[in-house]
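Student: This is the structure, below, for whatever I ask next.
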Amino acid sequence: MRMLHINRTLFYCLAGLLLSGSMISVRAQSNSVKQTKSSSCPNDDTGLKLPAGFCATVFADGIGHARHMLVSPNGVLYVNTWSGRYYGNDVPHPGGFLVALEDKPGAGKTDVIERFGETPQTGGAGGTGIGLYKDWIYAEINDRIVRYALTASSIVPRGAPETIVSGLPLGGDHPMHPFIIDAKGSMYIDVASASNACQLQNRQPASPGANPCIELETRGGVWRYDANKTNQTFSPAAR
């Protein structure tokens with residue numbers, strides 16, 4: 001696995017949410033691509049060349065090194081960001097590594113940015129995985145997957161997180177843990193490989209692969225846990 005560096009964040013607001021609403025309405029009013037763009041994306045500032053009927057805006061920028069994101073049913077975008085050696089050990093963005101972004105006027109650009117979760121001061125280094133299940137935001141932070149309770153009164157959690165699983169491997173080349181949660185609450189965590197290709201000498205030309213690849217006991221696979229259960233511990237048996 002090779003990590004994707006995203007230094008200008010976030011992604012572009014394309015299709016999907018806009019297309020199902022405002023874009024359809026604009027097309028009904030005019031067949032002109034020019035009118036469609038001016039009505040739906042008055043601030044088309046991305047420089048992207050898109051097919052007719054599509055436009056784009058920079059939804060958010062400068063929030064940190066965005067890794068994974070999700071959109072809640074009420075339209076709030078949640079992003080997990082990361083720092084560390086893969087980004088030159090730069091100074092993390094002030095505030096928590098988890099970011100909530102909201103576009104209240106529907107202009108294609110966020111007008112609300114709130115941070116929560118671990119900070120460098122509390123020992124955090126950010127993470128990759130993020131998920132939504134029931135009324136909880138789940139997020140990877142260091143060697144843990146934690147969850148935060150959401151309430152109707154705020155787009156960011158106010159209480160402390162609960163640990164779902166801890167002890168996830170961090171050493172080696174790929175210390176990330178993206179995950180998904182299915183409708184029944186099974187959490188599937190990708191535990192990335194410790195080396196590049198399980199060579200006897202990592203990343204060295206002509207070095208043969210290890211046989212057997214011992215790291216596969218705890219790396220380079222998918223582990224399953226229960227998203228409804230707290231304080232689980234990483235174990236080879238859950239692979």
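Every residue, every condition in (1) among the hydrophobic types (A, V, I, L, M, F, W, C); (2) in contact with a His (Cβ under 8 Å, 6 or more places away or on another chain); (3) in contact (Cβ under 8 Å) with a residue 60 or more places away in the chain, yes or no:
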residue: Pro157; (1), (2), (3): no, no, no
residue: Gly172; (1), (2), (3): no, no, no
residue: Ala194; (1), (2), (3): yes, yes, no
residue: Gln204; (1), (2), (3): no, no, no
residue: Leu216; (1), (2), (3): yes, no, no
residue: Gly221; (1), (2), (3): no, no, no
residue: Asn231; (1), (2), (3): no, no, yes
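Student: Within the group Gly84, Gly75, which residue is small (Gly, Ala, Ser), within 25 Å of Ile145 (Cβ to Cβ) and at pLDDT below 85? Full working, then the answer.
Tutor: On the way: Gly75 fails: at pLDDT below 85.
Just a single option satisfies the conditions, and that option is Gly84.
Student: Continuing with this model, one more query. Filter segment 181-239 down to the residues that are among the hydrophobic types (A, V, I, L, M, F, W, C), more than 25 Å from Glu140 (Cα to Cα) and loosely packed, with under 11 Cβ neighbours inside 10 Å and list them by number.
Tutor: Ala206
Student: Okay, moving on. Could you list, in sequence order, all residues of segment 151-170 that are assigned to a loop (DSSP other than H, G, I, E, B) and surrounded by 11 or more Cβ atoms within 10 Å (Cβ to Cβ)?
Tutor: Ile155, Val156, Pro157, Arg158, Pro161, Gly167, Leu168, Pro169, Leu170
Student: Exactly one condition in (1) of a type outside the set (Gly, Ala, Ser); (2) at pLDDT 95 or above; (3) under 16 Å from Arg158 (Cβ atoms) is not met by Glu118; state its number.
Tutor: (2)
Student: If you don't mind, another one. Residues being in contact with an Asp or Glu (Cβ under 9 Å, 6 or more places away or on another chain), farther than 20 Å from Leu170 by Cα and either assigned to a loop (DSSP other than H, G, I, E, B) or of a type in the set (Val, Ile, Thr) (or both): count how many of those fall in segment 75-95.
Tutor: Counting residues in segment 75-95 that are in contact with an Asp or Glu (Cβ under 9 Å, 6 or more places away or on another chain), farther than 20 Å from Leu170 by Cα and either assigned to a loop (DSSP other than H, G, I, E, B) or of a type in the set (Val, Ile, Thr) (or both) gives 3.
Student: OK, next. Specify which of the listed residues (Val79, Val146, Val71) is touching a helix residue (DSSP H, G or I) at 6+ places or on another chain (Cβ under 9 Å), under 23 Å from Met187 (Cβ atoms) and not aromatic (Phe, Trp, Tyr).
Tutor: Values: Val79 fails: touching a helix residue (DSSP H, G or I) at 6+ places or on another chain (Cβ under 9 Å); Val146 fails: touching a helix residue (DSSP H, G or I) at 6+ places or on another chain (Cβ under 9 Å).
Answer to the selection: Val71.
Student: Please enumerate the residues belonging to segment 155-176 that are over 19 Å from Thr122 (Cα atoms) and at pLDDT 95 or above.
Tutor: If the condition is that a residue be over 19 Å from Thr122 (Cα atoms) and at pLDDT 95 or above, then Ile155, Pro169 are the ones that fit.
Student: Which members of segment 187-238 meet the condition of being closer than 13 Å to His174 by Cα and touching a strand residue (DSSP E or B) at 6+ places or on another chain (Cβ under 8 Å)?
Tutor: Across segment 187-238, the qualifying residues are Asp190, Val191, Ala197, Cys198, Thr218, Arg219, Gly220, Gly221.
Student: Just to check your reading of the model, which residue among Asp61, Asp90 is at pLDDT 50 or above, of a type outside the set (Ser, Thr, Tyr), within 16 Å of the chain's Cα centre (by Cα) and open to solvent by less than 80 Å² (accessible area, probe 1.4 Å)?
Tutor: When all the criteria are applied, what remains is Asp61.
Student: Counting just the residues of segment 115-135 that are touching a residue at least 60 places away in the same chain (Cβ under 8 Å) and part of a strand (DSSP E or B), which one comes out most open to solvent (accessible area, probe 1.4 Å)?
Tutor: Checked segment 115-135; the qualifying residue most open to solvent (accessible area, probe 1.4 Å) is Leu132.
The values are calculated or read from the model by the stated rules, or taken from the named source; none is laboratory data. In this text, all values refer to a predicted model and were calculated from it rather than measured experimentally. So basically every Cβ, Gly included, is an ideal-geometry build from the backbone, and we count neighbours across all protein chains shown. Areas reflect the complete protein model, heavy atoms only, side chains present, ligands, DNA and RNA absent. Shrake-Rupley method; radii C 1.70, N 1.55, O 1.52, S 1.80 Å.
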